[in-house]
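Everything below concerns the one structure shown next.
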Amino acid sequence: RSRELGASAGVLYGDPSWPRTARELSPRGRGFDVVLDSVGTWQQSIDALRPGGRLVVLGASRAEHAHLDVRRFYSEEGKPMTGRVRYEVDDRGAAFVTLDAPESRNALSDELLDDLLDAFERARTDDAVRVAVLTSSHDRVFSAGGDLKAFTGDAPTIGKYAGLDRFPRLYKLIGGLGKPVICAANGDVLAGAFGLALACDLVIAREGVRFGCPEINVGVFPFMISALIYRNIDRMKANELMMLGEPIDAAEAHRLNIVNAVVPAASFDKIVREWAHKVAGKSPLLMRLGKNAIDATRDMSLPDALEALRAQLALAFTTEDLAEGVAAFREKREAVWKIR
């Protein structure tokens, strides 16, 4: 059955030694990203998880959906889950997370969102990664947004509701990653993908690409991403984008301060890598402390935020990296980060 699902091997769950066997079958013996379990035997399942993996406990009523996750057991190294997202880390510590479902214009299906969650979780737990870059393999579209087929499918409403947790989980994972995330918008960024871009720390757009919320044009509304839109765009312009459903070009997005740079197509990849490597060259420890502080305080009142940030600055004073950065500046040399 596992081979029918695209797996290279399977483990008989009833075998008491299955966690050990599972590790032997997994890439480099690191364990699986996700283990599905029925209620009652989850302690054994944890033994088969890789660090940062996820245990999914299913009741009998959910068993028919299990095959969607089974493929994750046996994904090859560098090919997270269903293959709708590519994950590659270069020698400068930049993890490139590439949407790679061109046949659907990178529609944010449950499978693609699961791949994204997996990829960003890998980036979060990999000490070699210092920055993540989110981009697309499609030549014109970064992502068309939500999967309209799933919206109108005949799945029970409660099932659709449960599946929608992927969006907030992804947005919160990016915010709490502890590492900068750059959105390299090399194609149109539409609907749910617009929210995905706004969840990133920096956005670089290729000349000519569009950003927008066309959901209202097909009888939907950008419910979930409105929370991100209102935190990044003035209220009246945000309403215009969501209620008229008309896109804006990269130049207008730059004017609205939701894009950091607009770059010609010919130099886009080069500029993206330059930005990524420039960010990767900063202290990973101070970058993590800083990003975590921003994520924790952005919705606090000013007095509460200032108090929390005072504590974080005091913590930064205790790090060797801060002392190294100051010393390198004074001595006019490159800093050697100790990450402590």
Inset, instruction - Pull up the range 290-313, narrow it to residues that are out of contact with any Ser or Thr (no Cβ under 8 Å at 6 or more places or on another chain) and surrounded by 15 or more Cβ atoms within 10 Å (Cβ to Cβ), then point me to the one that is nearest to I229 (Cα to Cα). - result: D295
Inset, instruction - Quick one: in the range 143-177, of everything that is over 12 Å from the mean Cα position of the chain (by Cα), in contact (Cβ under 8 Å) with a residue 60 or more places away in the chain and not in a helix (DSSP H, G or I), which residue is nearest to G212 (Cα to Cα)? - result: G145
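Table: residues versus (1) on the phi < 0 side of the Ramachandran plot; (2) free of Cβ contacts under 8 Å to residues at least 60 places away in the same chain; (3) not polar (S, T, N, Q).
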site: H254; (1), (2), (3): yes, yes, yes
site: N257; (1), (2), (3): no, yes, no
site: V263; (1), (2), (3): yes, yes, yes
site: A266; (1), (2), (3): yes, yes, yes
site: M287; (1), (2), (3): yes, no, yes
site: K291; (1), (2), (3): yes, no, yes
Legend entry - Selection from the range 321-340 of residues that are surrounded by 14 or more Cβ atoms within 10 Å (Cβ to Cβ) and either closer than 10 Å to S283 by Cβ or in contact with a helix residue (DSSP H, G or I) (Cβ under 7 Å, 6 or more places away or on another chain) (or both): D321, L322, E324, G325, A335, W337
Inset, instruction - Mind listing just one residue for me: the one in the range 217-273 that is over 12 Å from G195 (Cβ atoms) and among the polar types (S, T, N, Q) and, of those, modelled with the lowest pLDDT? - result: N217
Inset, instruction - Kindly establish whether A250 is closer than 30 Å to N217 by Cβ, among the small types (G, A, S) and under 26 Å from the mean Cα position of the chain (by Cα). - result: yes
Legend entry - Any hit, the range 208-216, residues being among the basic types (K, R), in contact with a Pro (Cβ under 9 Å, 6 or more places away or on another chain), closer than 22 Å to R86 by Cβ and crowded, with 21+ Cβ neighbours inside 10 Å: no
Inset, instruction - Could you grab the pairs with beta carbons closer than 6 Å, sequence gap of 6+ or different chains, first residue in the range 96-113 and within 14 Å of V189 (Cα to Cα), second one among the basic types (K, R) and crowded, with 19+ Cβ neighbours inside 10 Å? - result: none
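The values are calculated or read from the model by the stated rules, or taken from the named source; none is laboratory data. Given the structure is predicted, the values throughout are model-derived calculations rather than measurements. Cβ: placed from backbone, ideal geometry, glycine included. Neighbour counts: every protein chain shown.
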